[in-house]
Amino acid sequence: MAYFDYGATTPVDKEILASYIKASEHFFASTASLHFLGKEANEMYLKATKDILDQFALANHNLVFTTNATEANNLAILGYLKNFKKGRIVTTKVEHASVYEVMKSCEEQFEIIYLDVDKEGLINYEELSKALNKETILVSIMWVNNVVGSIMNIQKIIEIVKKHPQIKLHVDAVQGLGKIVPNFSFNDLDMWTFSTHKLYGPKGVGGLFVNKKVGLHNILYGSKVQHGLRPGTFDLSLVIATAKAIKKFYPLTDEHYQYVKKLNNYIREGLKKNPQIIINSSENSSPYIINLSLPSFLGQTIVRHLESAQIYVSTGSACSSKEQKPERTVLAMTNDILLASSAIRISLSHLTTLQEAGHLITTLNKI
Ligand code: PLP
């Protein structure tokens, strides 16, 4: 079997799983409880949080643990917008559904500008600059696109947004963290989100980093834990596993990148001679994602063909893969319904082997 869907989720690393199990056994008490066990759990929570903040050298941010990045993105956007009755928000046409659909839900109250992308899946930075005015309150742009892997120039975006002190910047960093060495400081982002299960940790936990100066509001109501931003008893073991995943994998970002870049080149080389295969992802994209189309098939059909050779890929993002619609990002990039309907996403990992890549090349060429 060859798994090529690491962009959807990753298998849990054994060491991280062990840390999860150990923490579940030993620190099961609620961090909010006043007794000794509660205090002990709270100390573990504070330590795990500090370890994560230190890993990114974050001095002025709080970290809020959520169920996943979807919830973290919802909290960032909806929680910040609670400060306003109206205003302009600038985002892109290619955000993950957990940002895009939130924006759609806000259209009646706010003016939402969806920036276009070019053939490489990148926004035009001048257009971003022009879209910012006195009414603008929030910019939400992803770091690495989950469908085609395009890498937005976050440093440039920071510089543009910083010219307007009233605008807050939110970045969905889910597909960048631990994969791409950032060309920016996480300290310069007002809010940013990640998901532990994309980083060889368990599912059911993600997080939002929020600068303490951002007036963020809770969107769920209940207890005042987690800086009053996310009520409810949370699973300390997931928090500890998250700290472990970040401490283990973040420092390996460059090493894993170099390996995956080679794999990516090998796959591209193996598919290049086949005129039926159109690679949608630019060569400058994240090497972890290769989006391609076989215009004579629907994306779902290619997924099924590959499945019969025990190769597992997805059509767009995991969240939209059951929808029968043309892939939104590929459509925005190519303006071609045929390419967007026949797109599949191959997503790689440092765990992907050369043999698996070879099997994929042969099978795709056969199809
Ligand atoms: N943002 C991006 C870019 C993603 O790729 C994903 C998941 O695929 C998410 C957000 C949502 O993550 P989660 O599954 O943790 O909700």
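What the table shows:
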read-out: Nearest-ten-degree value, helix 253-272 long axis tilted from longest Cα axis of the chain; value: 20
read-out: Listed pairs LYS130/LYS325; LYS86/LYS130; LYS119/LYS198; LYS47/LYS262; LYS162/LYS212 exceeding 28 Å between Cα atoms; value: LYS130/LYS325; LYS47/LYS262
read-out: Per-residue HN-Hα couplings for the stretch 277-292 [Karplus 6.51, -1.76, 1.60; θ = phi - 60°; Hz; x = Gly/Pro]; value: 9, 10, 8, 7, 6, 6, 5, 8, 6, 4, x, 6, 10, 10, 9, 9
read-out: Ratio Rg/Rh, restricted to the stretch 7-79 and using Cα atoms, in which Rh is the Kirkwood radius; value: 1.01
read-out: Leading residue at positive end of dipole, the chain (Cβ point charges), from THR301, LEU17, SER285; value: LEU17
read-out: Relative contact order (%) - the stretch 1-154, alpha-carbon pairs under 8 angstrom, separation at least six; value: 16
read-out: Anchor LYS213: aspartates and glutamates whose Cα lies under 18 Å away (excluding residues fewer than 8 positions away in-chain); value: ASP188, ASP190
read-out: Other-chain or far-sequence residues with amide H under 5 Å of LEU115's (modelled H); value: THR91, THR92, LYS93
read-out: Coarse-grained scattering of the stretch 187-256 at q = 0.12, 0.23 Å⁻¹, given as base-10 log I(q)/I(0) from a Debye sum over alpha-carbon atoms; value: -0.39, -1.14
read-out: At q = 0.33, 0.34 Å⁻¹, base-10 log of I(q)/I(0) for the stretch 120-162 (Debye sum, equal scatterers on each alpha carbon); value: -1.30, -1.33
read-out: Contact order normalised by residue count of the chain, Cα under 8 Å, 6+ apart, percent; value: 24
read-out: Vicinal HN-Hα couplings computed from phi for the stretch 230-238 (Karplus, 6.51 cos²θ - 1.76 cosθ + 1.60; Hz; Gly/Pro x); value: 8, x, x, 6, 10, 8, 4, 4, 5
read-out: Distant-in-sequence amide H partners of ASP5 (H built 1.01 Å from N, under 5 Å); value: SER347
read-out: Neighbour net charge for ALA241 - beta-carbon separation under 14 angstrom, K R +1, D E -1; value: +3
read-out: Rg over Rh, two decimals, the stretch 218-304 (C-alpha only, Kirkwood Rh); value: 1.22
read-out: Placed amide H near ILE289: partners under 5 Å, 5+ positions off or other chain; value: LEU348
read-out: Relative packing of peptides 195-201, 235-241 - highest average C-beta neighbours within 10 Å first; value: 195-201, 235-241
read-out: Computed P(r) (all Cα pairs; the chain; 20 Å bins; percent); value: 29, 56, 14, 0
read-out: Phi-based couplings in Hz for the stretch 12-25 (Karplus 6.51, -1.76, 1.60; Gly and Pro marked x); value: 7, 5, 4, 5, 5, 4, 4, 5, 5, 5, 4, 5, 4, 6
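Bear in mind that the values in this text are calculations on the coordinates, not laboratory data. Remember, it's a predicted structure, so these values are computed and weren't measured experimentally. Here the Cβ is made from the backbone with ideal geometry for all residues, glycine too, and neighbour counts use every protein chain on show.
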